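Please read the structure below before turning to the comments.
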Amino acid sequence: MLARTDLRGTVPTLSQLRRALPRGGTDVNAVLPRITPVVEAVAEHGSTAALDYTEQFDKIRPTSVRVPAAVIAAARENLDADVTAALDESIRRARMVHAEQRRQTTVTQVVPGGSVAEKWIPVRRVGLYVPGGNAVYPSSVIMNVVPAQEAGVGSLVVASPAQADFGGWPHPTILAACSLLGVDEVWAVGGAQGIALLAYGGTDTDGETLDPVDLITGPGNIFVTAAKRLVRGVVGIDSEAGPTEIAILADDSADPTVVASDMVSQAEHDVLAASVLVTDSEALADAVDAAVQQAANATKHTERVTQALEGKQSGIVLVDDLDAGVAVVDAYAAEHLEIQTRDAAAVADRITSAGAIFVGAYSPVSLGDYCAGSNHVLPTTGSAKYASGLSVQTFLRGVHVIDYDRDALRDVAGHVVTLADAEDLPAHGEAVTARFAGEQ
């Protein structure tokens, strides 16, 4: 089932690794011509256009963009008790982790009378996108809302697709998760039109204002990603998320059934999901291949899983030893990286490029998806080489506060003038010397 890339007996360069490793991805540029008119229409006509496109794409037209409070309350009331308990625990753990991330103001006394402070200011209003489609994602509500709240964001709106099966409102489990988190503003609009409405705002069917946001976060399909690209600059975005992916670095101590189950669990998301095993053990590779076939045939979403595992984005990479394996997974820069080796913690400490690292056989990606306390909105398609996952920092802006008195400025004025002249910007220097005109 799984294609193989055999790197044994070679010492590939980084350039060669990037070409050789399994990688899928999506062509966002290819859908831009389709999505651009949607974004432009919502920018011009607001919620009317957004609801028109919702009716066209989702086959339902909600009576309003904003979900009524009674609908949100009913969703929470009717939520299964076990699901409620699980969501509560997930929220509790996420709050513990994200509360520790909040940065504090720092003040550096550069010279007597001259200081530079850096203070962290929350984004004013954020739009948190929660997808529909193949699955229901209350966990994505938690992963977006908790860090925004812990950052001190004052205004939050969750946008999620209207569902024909639920009267035009988002899935009740999504609404219940919002209620558990204290989010009372939810928009029943998804896709490209939902992203555009978050960016440009509008007026609801009852005449109430739908305020635009300053930052949009959250995953979505290729159309959502294209819309985020188009509105970037009007608002900030967290990332252009691609299909989800897992890489597993394993040696012959790993349990092939466990490795296979983790690969199948990631393939369950989407036919474009990537599952990659990197190992120095051909025996493990053979055993995992057989176990993957068995697990894929037995799981609920067999067709979707099989298509993902047989795609060019998935496979097994054979390497000479663990050192070579570390080099490969660093080059791959997976969204999720599992380490299933001897002394897994020490191996994990050597990794420099991954969205999140899961150490040992008892730290599966699915734990991180729901209840580890970590965030599951992570960089994809190799962007973990330079980007981070969603955190409290995503929702904060660092602002420098410069405070120099007269003596401190006079003391450095000569250097400022010299550098201004060196850059042929004399007015910059004159802006300093003007403050001391007439002085010796």
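Just so it is clear, none of the values below were taken in a lab; they were calculated from the coordinates. This is a predicted model, so every value here is computed, not measured. Glycine also receives a Cβ, built like all others from the backbone with ideal geometry; neighbour counts cover every protein chain displayed.
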### Task
Just add up the charged neighbours of ARG95: K/R +1, D/E -1, any other residue whose Cβ is under 13 Å from the Cβ of ARG95.
-1
#### Entry: Net +/- balance of residues flanking ALA291 in space, Cβ distance below 12 Å, scoring K and R +1, D and E -1
-4
### Query
Mind checking the dipole of segment 319-370: about its Cα centre, +1 per Lys or Arg Cβ, -1 per Asp or Glu Cβ, Debye to the nearest 20?
120 debye
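About the Cα centre, and with charges only on the beta carbon of Lys, Arg (+1) and Asp, Glu (-1), how big is the dipole of segment 283-378? Nearest 20 debye, please. Please list the in-between numbers first.
On the way: 5 positive and 13 negative charges, 68 e Å.
Here segment 283-378 has a charge dipole of around 320 debye.
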### Message
Taking loop as defined by DSSP and a crowding limit of 16 other beta carbons within 10 Å, which GluC sites (Glu not before Pro) in segment 59-108 fit?
### Response
GLU100
### Query
Pick the calculated Rg and Dmax of the Cα atoms in Å for this structure from [x] 22.1, 71; [y] 26.4, 81; [z] 25.4, 87?
[z]
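Please rank LEU87, LEU128, fewest neighbouring Cβ atoms within 10 Å first, as an exposure proxy. Please list the in-between numbers first.
Numbers: LEU87 23, LEU128 29.
Ranked by crowding around the Cβ, least crowded first: LEU87, LEU128.
For a Förster distance of 41 Å, can you work out the FRET efficiency between the beta-carbons of SER261 and ASP52, rounded to the nearest 0.05? Don't skip to the end; give the middle numbers.
Numbers: r = 44 Å, r/R0 = 1.07.
Once rounded, the FRET efficiency stands at 0.40.
Arranged from highest to lowest average of other beta-carbon atoms within 10 Å per residue, in what order do the peptides 304-312, 239-247 appear? Walk me through the intermediate numbers first.
Values: 304-312: 20.2, 239-247: 23.9.
The most tightly packed comes first, giving 239-247, 304-312.
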### Query
Quick one: Karplus J couplings for segment 14-25, per residue in order, coefficients 6.51, -1.76, 1.60, θ = phi - 60°, nearest Hz, x for Gly and Pro?
4, 4, 5, 5, 4, 7, 8, 6, x, 7, x, x
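On a full-extension model of 0.36 nm per residue, what is the gain between GLU89 and TYR386, subtracting their alpha-carbon distance, rounded to one decimal in nm? Before the final figure, lay out each step's value.
On the way: separation 297, 0.36 × 297 = 106.92 nm, distance 3.13 nm.
Stretched fully, the GLU89-TYR386 segment lengthens by 103.8 nm.
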### Message
For the chain, give me the percentage of DSSP beta bridges that are antiparallel, rounded to the nearest 5 percent.
### Response
30 percent
### Signed unit charges on C-beta, dipole axis of segment 108-201, positive-most listed residue TRP169, VAL189, VAL123
VAL123
